[in-house]
Amino acid sequence: MPTAAFSNDPGAASLTSLAGVGPALRESLAKLGLLTLQDLWFHLPLRYEDKTRISSIRDLRVGDTAQVEGRIEAIEKGFRFRPQLRIAISDSTGADDSQSTLLLRFFHFNNAQVNQLAIGTRLRCYGEVRRGQHSLEMVHPQYQRLAEDAASEVEERLTPIYPTTEGLGQKRLGGLIQRALALLPQDELLELVPPALREANAAISLRDALLYMHRPPPDADLTQLSLGTHPAQRRLAFEELLAQHLSLRQLRNRLRAHAAPVLRGDGKLRRRFLAALAFAPTKAQARVAAEVARDLREAAPMLRLVQGDVGSGKTVVAALAALAAVEAGRQAALMAPTELLAEQHFINFHKWISPLGIEVVWLAGKLKGKARTAALASLRGPAQIAIGTHALMQEGVEFDRLGLVIIDEQHRFGVDQRLALRDKGRAGSEIPHQLVLTATPIPRTLAMTAYADLDVSIIDELPPGRTPVATVVLNGTRRSEVVERIRAACAEGRQAYWVCTVIEESEVLEAQAAEVAHAELAAALPGMRIGLVHGRMKPAEKQAAMDAFKRGEISLLVATTVIEVGVDVPNASLMVIENAERLGLAQLHQLRGRVGRGTAKSSCVLLYQAPLSATARARLDVLRETNDGFRIAEKDLELRGPGEVLGTRQTGEAAFRVADLARDAHLLPAVQRAGEVLMREHPDLVARLIARWIGHAARFAGA
Ligand code: ADP
Ligand code: MG
């Protein structure tokens, strides 16, 4: 990249030019991909907190996120299942009214913290209001002590909440961004897109748009901001979509410049595999497998996405592709996002493919010592198929003749990881073919935009004989009935999942919610073996809990959405999802796909927290009515608008800061036109736009 182009670019200044940014802070910032002033300007808030007013406890409603102020009425430190700190506060609005008491619950706290609190202490809290047993409550609210005579001052404007990383608090990051904004130049220096190309979006300047996002005025419309429809957001979304579009075009061009091995096998292995298989492929599996086989026979690299609902049989398609590579004398590698999932693939492949005399090798982070050395040696020689986790794409792993890379559940991997594995098979300008599999159904029109650099095949049929999961939608007040149902099911030797959800993007809060549910269920179901998995546990602990569940030693598994992807425990036939209204339909469907895998009739209970809006009710009803993932995705689109269908996690490769592919779809024609002109006439600006919005991902993609 020619640095000359940046020499008069004020945004290119390194962050060390900001006072107080030392090595430690620089490292945290680098983890977020923030290296330059410009990176800070374009590090946009995820959402906003409204601390501009104090609500009275009496007015709180379940599901609100609110700021309240009150005095401590009671403090209790309990150790029922795990340490718990309970604090009741009340405000002056209704001293004799039980409704005006709010319970604060903490599961992680220390003595120093407790010692600062006493009956009568004034507290200000900010958090989400939940329904507790006797009153409303907040679990782990933010709080601060107020001096006895302190005036009640509130924030003047909405507080932006930024994506951040461990060890870098919101206050610190927010303060830094504010200081960087003081150095924001005038528009002539900031603007990269020539005016003629952004005519439709000239309503607000880039500078004003950035300032609005980082410092929304006190009267800013929070609803509009959360919907992403403010002109400032549109303005930024246009540029972000343009940068994304340009980067996909570059990727495509680079891919086209490569060659790939022609994988034209004689079909013998594939025929023997199919003959030995206990079932015949569905028509859809056969069609998609043929599409893949056709791509593999080309000397140009395949980059194909196979979409298929949960249980549609994508593994068979992957196996057929791998065998095509082996027939042609090449190696195939299958990478899955979790050890659990990779292991299931290994077991299947071992069963299906080893009898054909094919060497299947397993590689995961857990594999150590001699076993690892042997696996690595095999990959450099005799191995024909490799199956594993991220470990496959790490340094020190070398393949002898990798011709095909298969990525399962690709929304869990980044572009860089996919490419790191691909590059293990690089020889000169030749790269392996790539096949990516996903169970996250996205309506076709959206898929074409979201995955503009991929070809798409769809498995639109399930194998015969599946019994659909019976789904019920229940008010959360009927929780105890559901717990009773779990007791009964587990007494019959069945197994169940209990899934906890949170609104926040925070893994910490999600883990806490699961811990709370685990403690409560343990209390309600004495004697039952109950496990826990969440994202904050060490991989080994997670694995141990899952293994115990798989072996049937645990009857009930309390989990966060970490179990969403590909977990297969056929004996589990009951799933309860708490606060189901918080999740997107696609994610609920994916979760539900964890049951209904065995012979037992399976059911799924969606618990919601009332009140439920008509739309929310209609959404949950969709799941009750159908088990068809594509149908669900379409309905979701209809009911909630496209933003929900393409949540950031689902787009995977295209995690946007402001843009929303579907919501901003009307910008796409202009984006395309601008992209065309920029590629042709301003290649220097293309590079700068991509660096601005995509930054490090683009650097990887260029590898
Ligand atoms: P997914 O698309 O979710 O990855 P899998 O490949 O894991 O689905 O397949 C789900 C289950 O269905 C597996 O147990 C698999 O063996 C079985 N299966 C796949 N294809 C067929 C088929 N054509 N007929 C019957 N069962 C099948
Ligand atoms: Mg699968």
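The values are calculated or read from the model by the stated rules, or taken from the named source; none is laboratory data. The model shown is predicted, which means the values in this text are computed figures rather than measured ones. Quick reminder, even Gly has a Cβ in these numbers, built from the backbone with ideal geometry, and neighbours come from all protein chains shown. Calculation scope for accessible area: heavy atoms of the full protein, side chains included, ligands and nucleic acids excluded. Shrake-Rupley method; radii C 1.70, N 1.55, O 1.52, S 1.80 Å.
Some observations on this one:
- Condition met for Q144 (open to solvent by 60 Å² or more (accessible area, probe 1.4 Å), over 29 Å from the mean Cα position of the chain (by Cα) and within 30 Å of A13 (Cα to Cα)): no
- Between I387, I347, the distinction of being within 16 Å of ligand 2 (Cβ to nearest atom) and in contact with a helix residue (DSSP H, G or I) (Cβ under 6 Å, 6 or more places away or on another chain) belongs to I387 only.
- Against the conditions (1) of a type outside the set (G, A, S); (2) within 17 Å of A386 (Cβ to Cβ); (3) out of contact with any Pro (no Cβ under 9 Å at 6 or more places or on another chain), E339 satisfies every one except (3).
- I358 being part of a loop (DSSP other than H, G, I, E, B) and either buried (at least 22 other Cβ atoms within 10 Å of the Cβ) or away from ligand 1 (no atom under 16 Å from the Cβ) (or both): yes
- Within the range 12-47, if we keep just the residues that are in a helix (DSSP H, G or I) and either among the acidic types (D, E) or in contact with an Asp or Glu (Cβ under 7 Å, 6 or more places away or on another chain) (or both), the residue that is surrounded by the fewest Cβ atoms within 10 Å (Cβ to Cβ) turns out to be E27.
- A284 vs. criteria aliphatic (A, V, I, L, M), within 16 Å of ligand 1 (Cβ to nearest atom), under 22 Å from R597 (Cα atoms) and open to solvent by less than 30 Å² (accessible area, probe 1.4 Å): yes
- Checking M546, M537 one by one, the residue that is assigned to a helix (DSSP H, G or I) and either within 16 Å of ligand 1 (Cβ to nearest atom) or under 26 Å from H589 (Cβ atoms) (or both) is M546 and no other.
- G365 being more than 16 Å from ligand 2 (Cβ to nearest atom), open to solvent by 30 Å² or more (accessible area, probe 1.4 Å) and touching a helix residue (DSSP H, G or I) at 6+ places or on another chain (Cβ under 7 Å): yes
- Among residues that are farther than 26 Å from V562 by Cβ and in contact with a His (Cβ under 7 Å, 6 or more places away or on another chain), V360 is included.
- Among (1) part of a loop (DSSP other than H, G, I, E, B); (2) more than 17 Å from the chain's Cα centre (by Cα); (3) away from ligand 2 (no atom under 16 Å from the Cβ); (4) of a type outside the set (A, V, I, L, M) - the single one G596 does not satisfy: (3)
Conditions tested, residue by residue: (1) at pLDDT 90 or above; (2) open to solvent by 20 Å² or more (accessible area, probe 1.4 Å); (3) closer than 15 Å to S55 by Cα.
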residue	(1), (2), (3)
S92	no, yes, yes
S100	no, no, yes
N110	no, yes, no
Q113	no, yes, no
I119	yes, yes, no
G127	yes, no, yes
Q133	no, yes, no
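- In the range 96-106, the condition of being of a type in the set (D, E, K, R), closer than 25 Å to E510 by Cβ and touching a Ser or Thr at 6+ places or on another chain (Cβ under 6 Å) is met by no residue.
- Lone qualifier among H350, H345 - being more than 16 Å from K268 (Cβ to Cβ) and more than 10 Å from ligand 1 (Cβ to nearest atom): H350
- Residues of the range 562-582 that are more than 16 Å from ligand 1 (Cβ to nearest atom) and either without any contact (Cβ under 8 Å) to a residue 40 or more places away in the chain or open to solvent by 10 Å² or more (accessible area, probe 1.4 Å) (or both): V562, E578, N579, E581, R582.
- The range 574-602: number of residues that are at pLDDT below 85 and at positive phi: 1
- Test: residue in the range 611-622 that is in contact with a strand residue (DSSP E or B) (Cβ under 9 Å, 6 or more places away or on another chain), away from ligand 2 (no atom under 16 Å from the Cβ) and over 26 Å from A513 (Cβ atoms): no
- Restricting attention to the range 55-77, the residues that are within 21 Å of E156 (Cα to Cα) and within 33 Å of the chain's Cα centre (by Cα) add up to 6.
- For the range 444-474, filtered to residues that are modelled with pLDDT under 55 and not hydrophobic (A, V, I, L, M, F, W, C), the residue that is most open to solvent (accessible area, probe 1.4 Å) is R444.
- Wholly within the range 227-328, helices (runs of 4 or more DSSP H) carrying at least 3 residues that are modelled with pLDDT of 95 or more: 268-276, 283-296, 314-327
- Residues that are open to solvent by 30 Å² or more (accessible area, probe 1.4 Å) and either assigned to a helix (DSSP H, G or I) or modelled with pLDDT under 85 (or both) within the range 48-67 comprise R58, D59, G63, D64, listed in sequence order.
- Hey, A374 open to solvent by less than 40 Å² (accessible area, probe 1.4 Å) and either hydrophobic (A, V, I, L, M, F, W, C) or without any contact (Cβ under 8 Å) to a residue 60 or more places away in the chain (or both) or not: no
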